[in-house]
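To keep things clear, I will list the structure first and then write my remarks on it.
Every read-out reported here was derived from the displayed coordinates using simple, explicitly stated rules and does not represent laboratory data. Please read these numbers as outputs of a predicted model, since none were measured by experiment. Here the Cβ positions follow ideal geometry from the backbone for every residue, glycine too, while neighbour counts run over all protein chains shown.
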Amino acid sequence: GENVEQHPSTLSVQEGDSAVIKCTYSDSASNYFPWYKQELGKRPQLIIDIRSNVGEKKDQRIAVTLNKTAKHFSLHITETQPEDSAVYFCAASTGNQFYFGTGTSLTVIP
Amino acid sequence: SQTIHQWPATLVQPVGSPLSLECTVEGTSNPNLYWYRQAAGRGLQLLFYSVGIGQISSEVPQNLSASRPQDRQFILSSKKLLLSDSGFYLCAWTSSGTAPNFYGYTFGSGTRLTVV
């Protein structure tokens, strides 16, 4: 089955700096890659996603890039703010199942 | 619009007691439904998923079971809880099928289960 690895497990940045979280996947058939943000004690929420026919997608301060050849995708957050502090999960999917990374705890230091 | 309801929000149960968590989805038909567990400070572990009524796939052997008695209802159960069953349980749904007809999960609000 699919194996998704996520790095780093923890990340601290100064407010205003950029944060990058990277994930790799093993199944070349995976074709959908969502990212989730989970605030403490709350449900994960979809923040951005990308499909395999696209190399990059942006939504305001967040962007995701996908390299199908290398089987890795990344989340980029620019101009970080304290409210960006949360756990972020990547995932890969071939259809009915989603395989999650182990999460990155992001702390934005004011 | 589609909504997902999960209850209860919190639950404290003694070891050996039964468990029943319920999840329902509104505003869609034939959704794919999922149960995840998240231990404190850990990632998301897929427990069960269902692509239709009565169709349950189990990802890991455990003390839990799942049922889908109706199209938009997914139930997580246990006959006898263990201490290790404590965690944050999340129900999720997505539309059936494959890209471009599906998109990322929508999670329920979660149930925090503490087994004492």
Mean other chain Cβ within 10 Å across A:30-40 is 2
Quick one: net charge of A:Cys23's neighbours, Cβ under 11 Å, K/R +1, D/E -1? +1
Tell me, Kirkwood radius of the protein assembly as shown from alpha-carbon pair distances, in Å? 18.1
Return the lysines within reach of A:Lys58: Cα separation strictly under 23 angstrom, same-chain partners fewer than 8 residues apart disregarded; answer none if there are no such residues. A:Lys22, A:Lys37, A:Lys68, A:Lys71
Report, largest value first, the span of the C-alpha coordinates of the range B:1-111 along each principal axis, in whole Å. 43, 29, 24
The value for the range A:1-40 (convex hull of the alpha-carbon atoms, volume per residue, Å³) is 108
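How charged is the neighbourhood of B:Asn30? Take every other residue with its Cβ under 15 Å from the Cβ of B:Asn30, and add Lys/Arg as +1 and Asp/Glu as -1.
0
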Between A:Arg61 and B:Asn30, what FRET efficiency follows from the Cβ-Cβ distance if R0 is 45 Å, with the result rounded to 0.05? 0.80
Rg to Rh ratio, chain A, alpha-carbon atoms and Kirkwood radius? 0.96
For a quick check, take a GNM of chain A with Cα springs below 10 Å and name the residue from A:Ser74, A:Ser28, A:Ser93 with the largest mean-square fluctuation. A:Ser28
Here, A:Lys71 and A:Lys42, labelled 7 Å along Cα→Cβ, have an inter-label distance in nm of 3.4
Alpha carbon centre of the range B:29-62 versus the range A:53-86: separation in Å? 27
Rounded FRET efficiency, nearest 0.05, which uses the C-beta distance separating B:Ser109 from A:Asp17 and R0 of 22 Å: 0.10
Fewest Cβ neighbours within 10 Å first, please rank A:Phe73, B:Phe74 accordingly. A:Phe73, B:Phe74
